[in-house]
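Before any comments, here is the structure.
The values are calculated or read from the model by the stated rules, or taken from the named source; none is laboratory data. All values derive from a computational prediction rather than experimental measurement. Backbone-built Cβ (ideal geometry, glycine too); neighbour counts: all protein chains shown. Heavy atoms of the whole protein, side chains included, go into the accessibility calculation; ligands, DNA and RNA do not. Shrake-Rupley method; radii C 1.70, N 1.55, O 1.52, S 1.80 Å.
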Number of protein chains: 2
Amino acid sequence: MTLKDLAKELGLSPTTVSRALNGFPEVSEATRKRVVAAADAYGYRPNMRARSLATGRAMAIGHVLPLSSEHEMMNPVFADFVAGAGEIYAKAGYDMLISIVAEAEQARAYEEFKHKGSVDGIIVHAPRMGDPRINLITEVDIPFVVHGRASQSDVPYSWVDMNNQRAFQRATTHLLDLGHRRIALVNGLENMDFAIRRRRGFEAAHEARGVPHDDSLKFSGEMTEQFGHDTTRALLARPDAPTAIISSSMIPGIGIRRAIREAGLEMGRDVSVIIHDDDLSYLPNGGDEPLFTATRSSVRDAGRRAARMLLDIITSGDTTPRTDLLEAELILGPSTGPAPVAARMTDIS
Amino acid sequence: MTLKDLAKELGLSPTTVSRALNGFPEVSEATRKRVVAAADAYGYRPNMRARSLATGRAMAIGHVLPLSSEHEMMNPVFADFVAGAGEIYAKAGYDMLISIVAEAEQARAYEEFKHKGSVDGIIVHAPRMGDPRINLITEVDIPFVVHGRASQSDVPYSWVDMNNQRAFQRATTHLLDLGHRRIALVNGLENMDFAIRRRRGFEAAHEARGVPHDDSLKFSGEMTEQFGHDTTRALLARPDAPTAIISSSMIPGIGIRRAIREAGLEMGRDVSVIIHDDDLSYLPNGGDEPLFTATRSSVRDAGRRAARMLLDIITSGDTTPRTDLLEAELILGPSTGPAPVAARMTDIS
DNA sequence: CATGGAATCCAAACCGTTTTGAATGGGGGC
DNA sequence: GCCCCCATTCAAAACGGTTTGGATTCCATG
């Protein structure tokens, strides 16, 4: 059932039918009702391809994800971010196009998105530091919003991001306040922008308190359970073992907890742990009570905000860059406590 | 730069240019070369919407995910499955359209996919038992492949699935062979088809060995760490505590491990644990050595297979249902061992 | 020297919408 | 009764490709 068929059925021209269905004022209320009634009697749905072609709007948003090689980690927050964005798109009648493309081919991917006309805007995921993609898409001249930021990017752009630095500064400060003086950082890969900001926050907290930070206590790697476990085991075997650990994600946090237990120690008493909690729906940080003390910021909510921002840029046509900085909450759980006295003593001595 | 512009630039008709670029035989090799050269000199990309409209093929596959309400679990395997499918689509020049839609509106969603003409085929995720969607899409008459199966569906359809029953039967049999007689099952929600099959495998193994299975040892719920932990804690507090636990996913498995440790017991010695491992890239079951004894089947690989199957159905036009049943491997890790003698004794007595 | 056929190329129709520009009819003002 | 304007409606031209059904040229064949 095409528009033409429907028009013939009603004895009207395609023009009038189209206008009736799209709410234009030049059509009488009587015929509009007649058309609408017939439309859903016949179950008519406009063909999006044809409409897109005519209007120039694709009614779709593209998400470009870097294709992770076999051994690289698939971004674990992606599913939740997309779920949040998808909610917004669905309400606004937009589709979501996802393309997974190797790092080297990203340039072409954006250009194709534009020229193929399959999307009206793009969400950029997982920016690296000084990510070249930003300049690239800016040149292509298609609306986009970045989830995260790319330090050292020279062009202005729109983004939604969590205040990574502030979150980790607060977490670190909290541990310092509890008397901890040797704190380890288990961070994500430091080619990712968020990881760099988190380390900066970690260091800034030390500096603000005049406590030196030890480079040998800072680790970065793929955020797996194994990574958390192995680094913690190594740390606890050292004579100058830290009394607290901050982890960039809950997954290594679980490995940290395991290593602490294996060492015969207790989390929250012998070693304090703070994780960052993306509030992933499939990995909740406990139920009524949290499992870990955590900085929490919902990545699903970030997805919703980024989607709203992008749709607003597209529909308003106002491309002046806008930004949305989310603050993480600091949630207290059983995984932190005052620094053990023994450690504090030896440290002070 | 449109096809017409390019044609004018070359002094050729749009017909010839189109044919040259699409490899039709009716164009001389000389002009083809000239056209191709000009095309990528000008950076010409055909507009997909126009092409789709003309050819009737959308060159896109739709994935429909149930919109999880705030409290429901977002399917944790989704990200990896999609990554696998995306690889295949990218190679074949297809786009991936994802739409997240509430359970109640799924019917309309499929119909719209068809009539809007935005996709050539559909992948159906997370089928429930007797899932009504299967009949629905069959009626809509658009190629589709189901990831998983829906028991009690009366119409034949194409699917890619893991042999859930066999995997859990093997895991259970292995525990029985180790002397365990009271085995608990920590399963996913039993409105999901895979969960039902896994329970059947669990029960079949008992029956094959003539060991009774106790309904009070079977649990199903959202597969969170907390769920694994809480049920295990309750189990271990019972006088007739099980000596082994099978978990439907690694995430509750981690909670199971935590509860075992909290009870002062050791996993693999006092309580054996087998998990099912979807081989998720961001939640590997250990590194060189596994953390858990596990039934393993890569969900990313399933995504690749489903995508290949669907593309083949679409391009061949042969819609006779095809199926692909993947067998899980049983991987031995440190989380299992012979049943403790004490338990075995009291059981025998 | 026609004739047929292969090899190339092109004009025009088509895909299903929206949108432009014009036509039609009815009613109000004079 | 005439004119103008407004409210409706429509025919036709986009949008950017593909595809159908010829045209044209060139060469070999009889």
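Near residue A:146, the amide H atoms lying under 5 Å from its own belong to A:124, A:158, A:159, A:160; only residues 5 or more places off or on other chains count, and H is placed 1.01 Å from N.
Just add up the charged neighbours of residue A:36: K/R +1, D/E -1, any other residue whose Cβ is under 14 Å from the Cβ of residue A:36. Before the final figure, lay out the partial values.
Numbers: positive: A:19, A:32, A:33, A:34, A:45; negative: A:9, A:29, A:40.
Its environment carries a net charge of +2.
Per-residue mean of other chain beta-carbon atoms within 10 angstrom of the beta-carbon, peptide B:179-185? Don't jump to the answer; show the numbers that get you there.
Numbers: counts 0, 0, 0, 0, 0, 0, 0.
The mean count of partner-chain Cβ atoms within 10 Å per residue comes to 0.
Rounded to the nearest 0.05, what FRET efficiency do residue A:9 and residue A:327 have when you use their Cβ-Cβ distance and R0 = 51 Å?
After rounding, the FRET efficiency stands at 0.35.
Within the listed set A:22, A:75, A:187, the residue fluctuating most in the Gaussian network model of chain A (springs between alpha-carbon atoms under 10 angstrom) is A:22. Let me confirm one metric for peptide A:43-53, namely the mean number of other chain beta-carbon atoms within 10 Å of its residues' beta-carbons. Neighbouring Cβ atoms belonging to other protein chains average 6 per residue here. Over the stretch B:20-150, all Cα pairs binned in 10 Å intervals from 0 give whole-percent P(r) values of 10, 34, 28, 14, 10, 3, 0, listed from short to long. For residue A:42, inter-copy separations between label points set 7 Å beyond Cα along the Cβ vector come to 3.8 nm, shortest first. Each 10 Å bin from zero up to the one holding the largest Cα-Cα distance in the stretch A:3-46 carries the following percent of pairs: 32, 64, 5. Peptide B:245-256 has a mean shielding of 1, counted as Cβ atoms of other protein chains within 10 Å of each residue's Cβ. Packing around the peptides B:319-332, B:86-99, B:301-314, taken as the average count of other Cβ atoms within 10 Å per residue, puts them in this order, highest first: B:301-314, B:86-99, B:319-332.
Within the stretch B:85-105, the residues that become at least 40 Å² less accessible when every protein chain is included than when their own chain is isolated (1.4 Å probe; DNA, RNA and ligands ignored) are B:95, B:96, B:97, B:98, B:100.
Springs between alpha-carbon atoms under 10 Å, Gaussian network over chain B: tell me which of B:84, B:130, B:264 tops the mean-square fluctuations. Of the options given, B:264 has the highest mean-square fluctuation.
Basic side chains Lys and Arg get +1 at the Cβ, acidic Asp and Glu get -1 at the Cβ, and with that the dipole of chain B about its Cα centre reaches some 760 debye. A Cβ-based charge dipole, computed about the Cα centre of the protein assembly as shown with Lys and Arg at +1 and Asp and Glu at -1, lands at about 1080 debye. Backbone phi angles across the stretch A:79-89, fed through the Karplus curve with coefficients 6.51, -1.76 and 1.60 (θ = phi - 60°), yield HN-Hα couplings of 4, 6, 4, 5, 4, x, 4, x, 3, 5, 4 Hz in residue order; Gly and Pro are listed as x.
How would you classify the stretch A:132-194 from its alpha-carbon gyration tensor, with a ≥ b ≥ c the square roots of the eigenvalues: rounded for a/c under 1.5, else prolate if a/b is greater than b/c, otherwise oblate?
On the way: a/c = 4.35, a/b = 2.92, b/c = 1.49.
Prolate, because a/c is 1.5 or more and a/b exceeds b/c.
Across the copies of the chain, residue A:342 has label points (7 Å from Cα along Cα→Cβ) spaced 2.9 nm apart, shortest distance listed first. For the residues A:142, A:61, A:256, a GNM of chain A with alpha-carbon springs under 10 Å puts the largest fluctuation on A:142.
For the peptides B:279-286, B:245-252, residues were scored by their other Cβ atoms within 10 Å and the scores averaged per peptide; the highest-first order is B:245-252, B:279-286. Comparing each chain alone with all protein chains together (probe 1.4 Å, DNA, RNA and ligands left out), the residues of the stretch B:208-230 losing at least 30 Å² of accessible area are B:224, B:225, B:226. The two copies B and A are related by a rotation, and the chain B beta carbon nearest its axis, with distance in whole angstrom, is B:79, 2.
Using protein heavy atoms only (no ligands, DNA or RNA), what is the total accessible area buried between B and A, 1.4 Å probe, nearest 100 Å²?
5000
Cross-link partners of residue A:8 among lysines, defined as those whose alpha carbon lies under 19 angstrom from its own and excluding same-chain residues fewer than eight positions apart: A:33. Whole-Hz Karplus values for the stretch A:334-342 come out as x, 8, 10, x, x, 4, x, 4, 3 Hz, taken residue by residue from phi with 6.51 cos²θ - 1.76 cosθ + 1.60 and θ = phi - 60°; glycine and proline positions read x. Once the gyration tensor of the Cα atoms in the protein assembly as shown is diagonalised, the equivalent ellipsoid follows with semi-axes of 49, 34, 22 Å, ordered largest first. With a cut-off of 8 Å between alpha carbons and a minimum separation of six or more residues, what is the relative contact order of chain B in percent? Here the relative contact order equals 17 percent.
A cut-off of 5 Å between modelled amide H atoms, ignoring neighbours fewer than 5 places along the same chain, links residue A:130 with A:151, A:153. Only protein atoms count toward the accessible area here, which uses a 1.4 Å probe; on chain B, the carbon and sulfur part of that area reaches 52 percent. Between this copy and the others, label points of residue B:323 are 5.7 nm apart in ascending order, each placed 7 angstrom from Cα in the Cβ direction.
The angle between the Cα long axis of helix B:193-209 and the longest principal axis of the Cα atoms of chain B comes to about 40 degrees, rounded to the nearest 10.
Separation of the stretch A:34-106 and the stretch B:2-72 by C-alpha centroid, Å? Using only Cα atoms to place each centre, the spacing works out to 20 Å. Remark on residue B:95: its backbone amide H falls under 5 Å from those of B:60, B:61, a criterion applied only to residues 5 or more positions apart or on other chains, H modelled at 1.01 Å from N.
With the cut-off at 1.5 for a/c, could you classify chain A from its C-alpha gyration tensor as rounded, prolate or oblate? Could you put the intermediate results ahead of the total?
On the way: a/c = 3.12, a/b = 2.57, b/c = 1.22.
The shape class here is prolate.
Using the heavy atoms of the protein chains and a 1.4 angstrom probe, tell me the accessible area per residue for the stretch A:3-46 in square angstrom.
Working: 2750 Å² over 44 residues.
So the stretch A:3-46 comes to 62 Å² accessible per residue, rounded to a whole number.
For the stretch A:322-332, putting each phi into the Karplus relation 6.51 cos²θ - 1.76 cosθ + 1.60 with θ = phi - 60° gives couplings of 10, 9, 9, 9, 8, 9, 7, 8, 9, 10, 8 Hz, in residue order, rounded to whole numbers and with x for Gly and Pro.
Can you give me the Rg/Rh ratio for the stretch A:184-325, using Cα atoms for both radii and the Kirkwood formula for Rh? Let's see the in-between values first.
Values: Rg = 17.8 Å, Rh = 16.7 Å.
Here the Rg-to-Rh quotient is 1.06.
About its Cα centre, how strong a charge dipole does the stretch B:194-338 have in debye, to the nearest 20, once Lys and Arg get +1 and Asp and Glu get -1 at the Cβ? Present the calculation step by step, with values, prior to reporting the outcome.
Working: 18 positive and 22 negative charges, 30 e Å.
Charge dipole of the stretch B:194-338: 140 debye, to the nearest 20.
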